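Worksheet: the structure to be examined is printed underneath.
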Amino acid sequence: MSHYDSEHGSIRLPAGAMKAVRSAVVTAYNESRTRLADKATALLPRLLAAGKRKRNFDWREAIYSMASGSDDASDVMLLLMPTKRVVVNGVTTYVDTKKPKAPKKKDLGLLGARAKCVEFEDGHVSFGEDGRTVTWSVSENNHAVERARESAVGRAFFRALANVSWTRGSGGVICGNDEYTRDSYEEGAGANYATSRFGPLGKGERHGRRDTVRGVRLASAMW
């Protein structure tokens, strides 16, 4: 069943907590990219064997077929099928190279320890210039919140927040919305609802129709 939803919130961390939270998120992202590269490299010999001596072989279709059932089939394809820049009549386009190639480290987009933003399929985690603010944002899509929270980045982010020692003046609320809430015309309905609360700043009055997502009382989790 479809469930289009989104999520967003900025959390103010205690002084000195940013480094640990950022490190956890960046490490999780880099490790997920490395695992993806290993998966793509392991697939390459079988892929090249399938297309050997075949004219006009559809490499993309073969990659999708061999990686079928995997949520990261598209990412595997992007690593194995590097593109080259082509300019035609002043218009720049990118086309596939002739054959799949093993991904190189530079292709992985690994992030440094002081990365300002970690992007993943359904959203991003960004780190404020003030050294205290971290923002979680999930763009609206079908089951986007579920995928984001279950991703390597999502699990690392919320695990890191669970380990924060919250102090006065820190914390915040992550709010969500979904297609069912927006479609309601009842009094007091249609508003954002809290999905997670953190620290003293997250203890404010709860607003909106509910504090649950898919029946789970996420808003009651006070870290």
Checklist entry - Is there a pair in 52/101; 39/104; 39/106; 52/104; 54/98; 19/203 whose C-alpha atoms are over 20 Å apart, and which pairs would that be? => result 52/104; 19/203
Next on the checklist: Give me 101, 39, 116 sorted ascending by neighbouring Cβ count inside 10 Å, so fewest comes first.
Outcome noted: 116, 101, 39
Item to check | Contour excess over end-to-end distance, with Cα ends at residue 104 and residue 68 and 0.36 nm allotted per residue | outcome: 10.6 nm
Checklist outcome for this item: dims of the range 34-107, Cα set, principal axes, largest to smallest, nearest Å -> 39, 30, 21
Next on the checklist: Out of the trypsin sites (Lys or Arg not before Pro) in the range 145-183, which ones are loop residues according to DSSP with at most 15 other C-beta atoms within 10 Å?
Outcome noted: 168
Next on the checklist: Give me the one-decimal nm value for the distance between modelled label points at residue 117 and residue 95, 7 Å along each residue's Cα-to-Cβ direction.
Outcome noted: 3.1 nm
Checklist outcome for this item: Treating only Lys and Arg (+1) and Asp and Glu (-1) as charged, each at its beta carbon, one finds that the range 34-107 has a dipole about its Cα centre, in Debye to the nearest 20, of 520 debye
Checklist outcome for this item: Taking R0 as 41 Å and r as the Cβ-Cβ distance between residue 56 and residue 4, the FRET efficiency 1/(1 + (r/R0)^6), rounded to the nearest 0.05, comes to 0.60
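Coordinate-derived values only; no laboratory data. Bear in mind the structure is a predicted one, so any value in this text is a computation, not a measurement. With ideal geometry, Cβ positions are generated from the backbone for all residues, glycine too; neighbour counts draw on all protein chains shown.
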